[in-house]
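S.K.: Below you will find the structure I want to go over with you.
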Amino acid sequence: MIITTTEKLSQLCQTLSQASYITLDTEFIREKTYYPVLCLIQIATDNIAACIDPLSPDLDLSPLFNLLEKPNIVKVFHAARQDIEIFYHLTQKVPAPLFDTQIAAMVCGYGENIGYQQLVQDITGTVLDKSLRFTDWSHRPLTEEQIDYALHDVTYLRDVYKSLHQTLQKTERTSWLSEEIAIQNDPATYEVDNDMIWKKIKTPFKKPAQIHLFSRLCAWREQTAKEKNKPRRHILKDDALIELVATKPKTAEELSQLRHIPNGFENSQLGHEILEVITKAEADPSSAWPKDWAPPKQPTATQRTVQDLFQLLLSVIATDLGVAPKIIATHEDLAQLARGNNQVPCMTGWRREVFGEKVLLFKQGRLSIRYNPQTHKPEIIPDHPRK
């Protein structure tokens, strides 16, 4: 079933409003835009499944948006972030309450970042056909084959959700998932801060003045991409921004001589804006430079060894618990712990209980890891408390 009118969507949402949960997925394209273009919405609950066509001229999505706000209905996604980003961009609200089956799967021991196809196969035994995964979902009309294919992303998700939800309750790990979902519930997760976007780009610069100019250029590109609704790389590529910082051109002629600047860019409005950004950033006092930036410090040989020991400890604990190590602590968490910084996520909440406290004992020499020749497995051995 595909919904193409507001009337039909209202009827569907009225029926779904009585459900305890709904499964959702989206199909979108964003190759030529900054913001994703929503092309299809799949939705299901027990005995109901439908596709919603947001490209239909006769469709207003307001009934669906109202449904996504209902607190009595759990909204189930797999790898939810991009889907939620779309809804947040359209409504400035995050659907709640949420259940992300990819995160739940990590808590339940299905490995790190498990894909939907593999999860469905593991839980239901069904091998999904992914032959249409590169379909152009913006093309109309959609075929029956495309619609059936799209619906599989929410119909099998029902079984996945029920299985994972049952496992979480049985293992008393529902609260573990809640802490993860809290990040997805935060609107800040889907807001792009222009002034901070530079931190996501690898740069060779180490001097504060260079970092300041790089941050200003990145902020300009981000805002321009938003305003024009074009991908960042269509405004300027990362290599071009790096080259601009290294050369600091002052005139259109100097700009035209740069290797990574497109032909003719120097005489465009964007070219003039770039030169203005450089001029202003160069004139900024040092008090305007990024205050929380410092050149990354390379770990010492000892710190790398300690990090390896923490990784081993994490692997043993994760194996014993039957969860993905990444859900407990990240590589960066371990690196910070090895440097002596305990202010990391794995030292709070349930993570501290299952891992963080053992790290502290490990640091005190009150806990060790040994190989058990009887079980052929590593095991954690706590020492007797010191008197």
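S.K.: State the volume of the convex hull built on the alpha-carbon positions of the stretch 97-238, expressed per residue in Å³ and rounded to an integer.
M.R.: On the way: hull volume 26.0 nm³, N = 142.
Once divided by residue count, the hull of the stretch 97-238 is 183 Å³.
S.K.: Let me ask something else about it. If all Cα-Cα distances of the stretch 207-328 are sorted into 5 Å bins from 0 onward, what percent lands in each bin, rounded to whole numbers?
M.R.: Reading upward from the zero bin: 2, 10, 16, 15, 12, 8, 7, 8, 9, 7, 4, 2, 0.
S.K.: What value in Å³ per residue do you get for the convex hull of the alpha-carbon atoms in the chain? Don't skip to the answer; put the middle values down first.
M.R.: Details: hull volume 78.6 nm³, N = 387.
Taking only Cα atoms, the chain has a hull volume of 203 Å³ per residue.
S.K.: Give me the number: length gained by fully extending Ile380 to Asn342, i.e. 0.36 nm times residue separation minus the C-alpha to C-alpha distance, one decimal in nm. Write out the running numbers ahead of the final one.
M.R.: Numbers: separation 38, 0.36 × 38 = 13.68 nm, distance 2.11 nm.
Net length gain for the segment: 11.6 nm.
S.K.: Rank-order 282-294, 299-311, 348-360 by packing density, defined as the average count of other C-beta atoms within 10 Å over each peptide's residues, highest first.
M.R.: Details: 282-294: 10.5, 299-311: 14.2, 348-360: 17.4.
Going from most to least packed, we get 348-360, 299-311, 282-294.
S.K.: Let me ask another. With helices defined as uninterrupted DSSP H runs, which ones in the chain have an alpha carbon span along their own long axis of at least 18 Å and mean Kyte-Doolittle hydropathy of at least -0.5?
M.R.: Numbers: long enough: 144-170 (39 Å, -0.85); 208-228 (30 Å, -0.72); 269-283 (21 Å, 0.15); 301-321 (30 Å, 0.64).
What comes out of the filter, once short or polar helices are dropped, is 269-283, 301-321.
S.K.: Okay, moving on. How much length is gained if the chain between Arg81 and His234 is pulled fully straight, taking 0.36 nm per residue apart and subtracting their Cα-Cα distance, in nm to one decimal? Don't skip to the end; give the middle numbers.
M.R.: On the way: separation 153, 0.36 × 153 = 55.08 nm, distance 2.37 nm.
The span from Arg81 to His234 would gain 52.7 nm if fully extended.
S.K.: With contacts defined as alpha carbon pairs under 8 Å and 6 or more residues apart, what's the relative contact order of the stretch 7-158 in percent? Intermediate values should be presented prior to the final figure.
M.R.: On the way: 212 pairs, mean separation 39.2, N = 152.
Relative contact order here is 26 percent.
S.K.: Additional query: If I model a spin label at Glu276 and Thr155 as a point 7 Å from the Cα along the Cα→Cβ vector, what separation in nanometres do I get?
M.R.: Each label point is offset 7 Å from its Cα along the Cβ direction, giving 5.5 nm.
S.K.: Now for a different question. Under a plain spin-label model, where a point goes 7 Å from the Cα along Cα-to-Cβ, how far apart in nm are Ala283 and Met196?
M.R.: So the label points at Ala283 and Met196 sit 2.9 nm apart.
S.K.: Once R0 is set to 25 Å, what does the formula 1/(1 + (r/R0)^6) return for the Cβ-Cβ distance between Arg133 and His89, expressed as a FRET efficiency to the nearest 0.05? Numbers along the way, then the final one.
M.R.: Numbers: r = 23 Å, r/R0 = 0.93.
Efficiency, rounded to the nearest 0.05: 0.60.
S.K.: How much of the accessible area of the chain, probe 1.4 Å, is carbon plus sulfur, in whole percent? Before the final figure, lay out each step's value.
M.R.: Working: 10480 of 20820 Å².
Carbon and sulfur: 50 percent of the exposed surface of the chain.
S.K.: If you don't mind, another one. Place +1 on the Cβ of every Lys and Arg and -1 on the Cβ of every Asp and Glu in the chain, take the dipole about the Cα centre, and give the residue among Val120, Ile84, Val245 whose Cα lies farthest towards its positive end.
M.R.: Val245
S.K.: With the other protein chains left in place, how much accessible area per residue, in square angstrom, belongs to the chain at a 1.4 angstrom probe? Walk me through the numbers on the way to the answer.
M.R.: On the way: 20820 Å² over 387 residues.
Result: 54 Å² of accessible area for each residue.
S.K.: Provide the FRET efficiency to the nearest 0.05 for the Gln118-Ser315 pair, computing r from the beta carbons and using R0 = 22 Å.
M.R.: On the way: r = 21 Å, r/R0 = 0.97.
Efficiency at R0 = 22 Å is approximately 0.55.
S.K.: Calculate for the chain the 222 nm mean residue ellipticity that helices alone would give, adding -39,500 (n - 2.57) per DSSP H run of length 4 or more and normalising by residue count, nearest 500 deg cm²/dmol. Kindly include the intermediate steps, with their values, before the conclusion.
M.R.: Working: 16 runs with 179 residues, N = 387.
The helix-only estimate for the chain comes to -14000 deg cm²/dmol at 222 nm.
S.K.: Then there's this: Of the residues Pro373, Pro57, Pro95, which exhibits the maximal mean-square fluctuation in a Gaussian network model of the chain defined by a 10 Å Cα contact cut-off?
M.R.: Ranking Pro373, Pro57, Pro95 by mean-square fluctuation puts Pro373 first.
S.K.: Using a Förster radius of 22 Å, what is the FRET efficiency between Lys206 and Ile183 based on their Cβ-Cβ separation? Nearest 0.05, please. Mind dumping the intermediate values first?
M.R.: Values: r = 31 Å, r/R0 = 1.41.
After rounding, the FRET efficiency stands at 0.10.
S.K.: Same structure, new question: Given +1 on the Cβ of Lys and Arg, -1 on the Cβ of Asp and Glu, and no further charges, what dipole in debye does the stretch 154-214 carry about its Cα centre, rounded to the nearest 20?
M.R.: Working: 9 positive and 8 negative charges, 76 e Å.
Dipole about the Cα centre, nearest 20: 360 debye.
The values are calculated or read from the model by the stated rules, or taken from the named source; none is laboratory data. Since the model is a prediction, treat every value here as computed from it, not as a measurement. Reconstructed Cβ throughout: ideal geometry from the backbone, glycine too, with neighbour counts over all protein chains shown. Ligands, DNA and RNA are excluded from the accessible area calculation, which covers all protein heavy atoms including side chains. Shrake-Rupley method; radii C 1.70, N 1.55, O 1.52, S 1.80 Å.
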